[in-house]
Every structure is written in C-alpha cells, then in structure tokens.
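The values are calculated or read from the model by the stated rules, or taken from the named source; none is laboratory data. Everything numeric here is computed off the predicted structure, so don't read it as measured data. Note that we place each Cβ from the backbone using ideal geometry, even for glycine, and neighbour counts take in every protein chain shown. Heavy atoms of the whole protein, side chains included, go into the accessibility calculation; ligands, DNA and RNA do not. Shrake-Rupley method; radii C 1.70, N 1.55, O 1.52, S 1.80 Å.
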Amino acid sequence: RRLMPTHPFAPHAAVAMLDETRTQAFVQRFGLDEKAASKLRELAPDQQLRVLQEFAPPADMADVSGKLISFAKKVKKTKAHAGSSASSFGDGSQRLAACGVIWQLTHYLVMDFEATGDNVDSRTWEIVEFPCVVVNARTLEIEREFHEYVRPTRHARLSTQCVQNTGIQQHMVDVADPLTAVLGRFYQWLGDFDDGSKACVVTCGNYDLGTALPAEIDALGLPPPPAVLRQWVNIKVPFSQHVFGAQGGKARGMANMLQLLGLQLVGRHHSGIDDSRNIANILKHLAQDGCVITPTGHHTYDGVPQTLPVKEIGA
C-alpha cells in the first residue's frame, strides 16, 4: 500500500532518494574499504537501494569489501523490468527488512521518556516515566512493552506544569522506585537486545538518549548504559526526508507527523507509553511506504552526543 501524500510538498518517489548519510552508515557498518565504497556510490539510486536491502554477508566473512564489490557488479548488470522503480523490490515489510539486513536487526525499541520539566535547563530534569515498545522489524507489529513510573530523587514534588502536561499525578511517582532500580529491571528486560546488534532505539527527537538518560546517569554516578542505548533513530529525520524530500520540509513533532500521515493520535499526548505507541505507528507506516531507516544519533559517554539535525534533510 502506497502512502498517499497529505502535504503539498510530499514527493511521489521519496523512497528512491538515497542520501550520503545512509550510504556512509552502511559503509561504516561493514567496515568497507575505499574501493568498495566507491563501487557502491557508482550505482544508480535504485541499484544502491537493492544492495542496501539484500547485502548480508556472514559475520565471520574475511573479505567483506570484496564480496560487496562482486555483489554490486552483479546488481549493476541486472536489467530492471520495464516500469520498475526503487520501490519494486518488495512490499513494505520487506523494505523495512532492509534495515534489518544492514544492521542484522530483528526489532526496534521505541522510547519516549517523560520528565519533570520544572526549569529551562533540560539537563536537570528527572525522568518520571520510562516506557519502551518493542516492534518486530519484519512484521512491524508491537510484541511487548516495558512501562514504569519513576520516583524523582532530587526534586521530589512534581511541578504543576509536569502534572498538566503528562497527566502523571504525585501519588503515582511517590509509590514508584527511583531510576536506579527501574534501570536495573529494564536492563534485565532487554535481554540479548542490550549489545545493539539485534535492535535499535527509535525516539521522537534527540532528548531521550542524547540528553535525558546521559544527564541522569551522570547525576546518579551510574556506569554507561548498554550499547543499544547509545545509538538511536530520531524518527523526525527519516520522516522529513521521506515526506518532504528535496523540498526540505521539517517535521515539527509527533502530533504533526501523525497528522501528515493521516493517522489518529491514540491515547494522551505526553503520556510516555501512549507517545511510544504512536511513534511506533509512525515507524510502521513509514516502513510500509518504503522508507529506509538508519541511525541519526549516538552518544559514546565520553563527550557530547553526535546527531543529524532534521533541518539538514533535503539540503
């Protein structure tokens, strides 16, 4: 099913638009040498997309670059069927699997923290709601959820603004555990997702894993989180590229993206668990329409986070 453009600047062939950011992520993922990277960039956009979707060397392969070059040559020689396009290599779930092939992913972890928000410095806010929705990268369906409220320890009383925005009441956090305990249970719940080889986090913005979690870990004196929590996809980046394309439009937020996709907001806006489910729905619909999704931010915990601004999309 093709997504019908609901914005005057939405392109009809956004799926065929491959940018250098995604190509570079692919090159870095497999450690390709310069010759292999050049061979990949020589391909036409639809041929590049096919390589990104179908190239999956064994983990123990010695000459990955050589294998890529051979595969790229084979793809280049393949004659496209008349009328074919970059979107003709499979249905929506298969095209989402392109991400799974590139990273060997099986799942996406959609997360949207809610925090105290009691002053202008977001680095001092405390997380008060910790949700995670697991989306199967092949079926695009939600498989399971983690959801806990968190008791703030530095500013125990919730501000009026926090209560009004999130719907979280004081008694809900008073009986909750502090973040150290919640994180411990969440790390256990992650299981073999923790090393980032099978799953990638999806957020709406860079705040959750770029600011909120690092600031809390620093304030509490905790060790860095598992690898899967050090890299993320800000869904606004692939959304902006896919929906606005070369026009350079910018997604303003979750509610705006739902509106442009013709989707209903389910639940309460600024409820962490409801927002996570809505972001998962955005991810699902983008994937079904052929949007290839790659990481947009990472944090090594020895410096500032590196992120790809939404405004650069389409530049």
(message) Out of everything in segment 191-237 that is farther than 16 Å from PRO305 by Cα and acidic (Asp, Glu), what residue ends up being farthest from the chain's Cα centre (by Cα)?
(response) ASP192
(message) Given the criterion under 28 Å from ILE168 (Cβ atoms), open to solvent by 10 Å² or more (accessible area, probe 1.4 Å) and in contact with a strand residue (DSSP E or B) (Cβ under 7 Å, 6 or more places away or on another chain), identify the matching residue among ASN281, ASN256, ASN206.
(response) ASN206
(request) Could you tell me which numbered condition GLN188 fails, if it satisfies all but one of (1) within 19 Å of the chain's Cα centre (by Cα); (2) at pLDDT 95 or above? (result) (1)
(request) Read through the list (1) open to solvent by less than 40 Å² (accessible area, probe 1.4 Å); (2) more than 25 Å from HIS147 (Cα to Cα), then give the number of the only condition that ASP302 fails. (result) (1)
(message) Among the listed residues VAL101, VAL27, identify the single one that is within 28 Å of MET254 (Cα to Cα) and either open to solvent by 10 Å² or more (accessible area, probe 1.4 Å) or modelled with pLDDT of 85 or more (or both).
(response) VAL101
(message) I'd like the full set of residues that are open to solvent by less than 10 Å² (accessible area, probe 1.4 Å), part of a helix (DSSP H, G or I) and within 24 Å of ASN136 (Cα to Cα), limited to segment 165-203.
(response) VAL182, LEU183, PHE186, LEU190
(message) Can you tell me which condition ALA215 does not meet? The list is (1) farther than 18 Å from PRO295 by Cα; (2) loosely packed, with under 14 Cβ neighbours inside 10 Å, and all the others hold.
(response) (2)
(request) Tell me which of these GLN264 doesn't satisfy, since it passes every other one: (1) open to solvent by 50 Å² or more (accessible area, probe 1.4 Å); (2) more than 12 Å from the chain's Cα centre (by Cα); (3) in contact (Cβ under 8 Å) with a residue 60 or more places away in the chain. (result) (3)
(message) Among the residues that make up segment 224-247, is at least one of them closer than 30 Å to ASP289 by Cβ, open to solvent by less than 50 Å² (accessible area, probe 1.4 Å), among the polar types (S, T, N, Q) and at pLDDT below 95?
(response) yes
